[in-house]
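The values are calculated or read from the model by the stated rules, or taken from the named source; none is laboratory data. This one's a predicted model, so the numbers in the text were calculated from it and none came from an experiment. Don't worry about glycine lacking a Cβ; one is built from the backbone with ideal geometry, like all the others, and counts go over all protein chains shown. Just so you know, the surface numbers come from the protein's heavy atoms only, side chains and all, with ligands and any DNA or RNA stripped out. Shrake-Rupley method; radii C 1.70, N 1.55, O 1.52, S 1.80 Å.
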Amino acid sequence: MKRREFLKNGLTALGAMFGSQLPTLISVANAQESTALDVTGAILNVHDPVMIKHGDNYYLFCTGGGVPVRRSSDMLDWRLARGALPFPFMPEEAYAYVPDATNLWAPDISFYNGKFHLYYSISTFGSNHSAIGLATNETLDPDADNFDWVDHGIVIQSDTTDFYNCIDANLILDEEDVPWLAFGSFWGGIKLVQLDFETGKLAESADDAQSTLHSLATREENSRSVEAPFIIRRHGYYYLFVSFDFCCRGIESTYNVRVGRSESVTGPYLDRDGVAMMEGGGTQITFPTNRYFGPGHNSIFSEDEQDYIVYHAYDGYQGGTSTLRIELLEWDEEHWPSIPNHAG
C-alpha cells in the first residue's frame, strides 16, 4: 500500500498518488498558509538548507558550527546526524583567509564524478572578504567505513577591493556535464564561474576569476540585496532561484525567493514578465504567512519526477527562530514554477 500522497491547493485532496517515495503534504488551515510537508524533529535553527538523498536516507546540510547535518528516512521526521567538518574544526586554508569567522555558511551538496561535493562559505557578517571552499566524501553514511570528509581548500575568494562576494555557492552541471559554480551576495550580485570536472575547483581557463566571471543577477533596490543562487535544468531552460531583501532579523526578516530562466547557463536570465535579472527582475514565489516570515535561501530537491523547494523561514510561534520548510514545487503550462497556495 502506498504510504504517502500529497494534497494540492490546500483545501482539496486530489488523491493523486506519486509513488511510495513522496511524503504526505498537510492541508492548510486557512488561505494564508501554504501547503507544506509536515516536518518534525530537529527542524529549528535550520538556516540556508540544502537536501540530497543517499541510500535510504535524506540528508540536510545547513549553516552552523562546522556544517550541521540532519538525516531522515521519510523527509518528514528529522534527526541530527554526524556533521561535516564538525565544529570546532575549521578548514585550514579557509580559516587562515578569514580568521575572524566563527562558523561555516550556506553549504551546497551534490554528487558527481563518483563523490559527494560539499561547497562551503566562510566570511563575517557584512563583509565581502570571503571564500568558498570544497570538501568531498565517498559516502554520506556516517556508519560506513569509507566515511571521511577531505578538505580541498579554497575554490574562489573575494576581498574588499572586489565588487562581488564569494559566499552562497551552488554547483550546476550543464547539458554537457560541465560543472559551474554560482555564488554571490549583495555587492555586484550573482556570479558564475566554470569548474574543472576532475578537481571540482576552478577550471584552468578560470584561474583569473575576475576575467571569467559571468554576471547573472543584480539589483539596485534595498542595498543591492540579492543572494543565495540555486540553478536547476528543466523544460529546456536553466532556472535561477535567488533570495531578495533581508534575512536574519527574526519575524522582521523580509527574505523572499525569486526566479528567472535562460536557455544558457551563463544567461541572460529573464523573469516571467521578461525583465532581466541583471536589471532587478525576478518572479516572486515565496511569501510570508501569518506564522512564517522571511521565507528564503532555497534549494531544490527532486525525486520521482517531483520537485520540492527547501528553505528556511522565521517561525513567529517560536520567537522568530529559523525553521526548516519543505514544500511541493509545481510547474504550469508555460513551465514556470510556483508553490501551491503560496501567494501574497
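Which residues, counting only those in region 117-130, are open to solvent by 10 Å² or more (accessible area, probe 1.4 Å) and among the aromatic types (F, W, Y)?
The answer is F125, and nothing else.
Going through G274, G282, G260 one at a time, which residue ends up being of a type outside the set (D, E, K, R), buried (at least 17 other Cβ atoms within 10 Å of the Cβ) and on the phi > 0 side of the Ramachandran plot?
G282
Against the condition of a type outside the set (S, T, Y) and open to solvent by less than 20 Å² (accessible area, probe 1.4 Å), how does P268 come out, does it pass?
no
With T218, T212 as the choices, which residue is at pLDDT below 95 and open to solvent by less than 60 Å² (accessible area, probe 1.4 Å)?
Only one candidate qualifies: T212.
State all residues of region 148-188 that are within 20 Å of A101 (Cβ to Cβ) and free of Cβ contacts under 8 Å to residues at least 40 places away in the same chain; if no residue qualifies, say none.
Within region 148-188, S158, D159, T160, T161 meet the criteria.
Can you pull out every residue in region 131-147 that is of a type in the set (A, V, I, L, M), part of a loop (DSSP other than H, G, I, E, B) and touching a residue at least 12 places away in the same chain (Cβ under 8 Å)?
If the condition is that a residue be of a type in the set (A, V, I, L, M), part of a loop (DSSP other than H, G, I, E, B) and touching a residue at least 12 places away in the same chain (Cβ under 8 Å), then L140 is the only one that fits.
Can you list the strands (runs of 3 or more DSSP E) lying wholly within region 149-192 that have 3 or more residues being in contact with a strand residue (DSSP E or B) (Cβ under 6 Å, 6 or more places away or on another chain) and β-branched (V, I, T)?
150-158
Taking Q306 as the residue in question, decide whether it is modelled with pLDDT of 95 or more and more than 22 Å from L171 (Cα to Cα).
No; evaluated as a whole, the condition is false for this residue.
Within region 67-103, can you find the residues that are of a type in the set (F, W, Y) and either under 24 Å from N165 (Cα atoms) or surrounded by fewer than 16 Cβ atoms within 10 Å (Cβ to Cβ) (or both)?
F87, F89, Y95, Y97 - these are the residues of region 67-103 that are of a type in the set (F, W, Y) and either under 24 Å from N165 (Cα atoms) or surrounded by fewer than 16 Cβ atoms within 10 Å (Cβ to Cβ) (or both).
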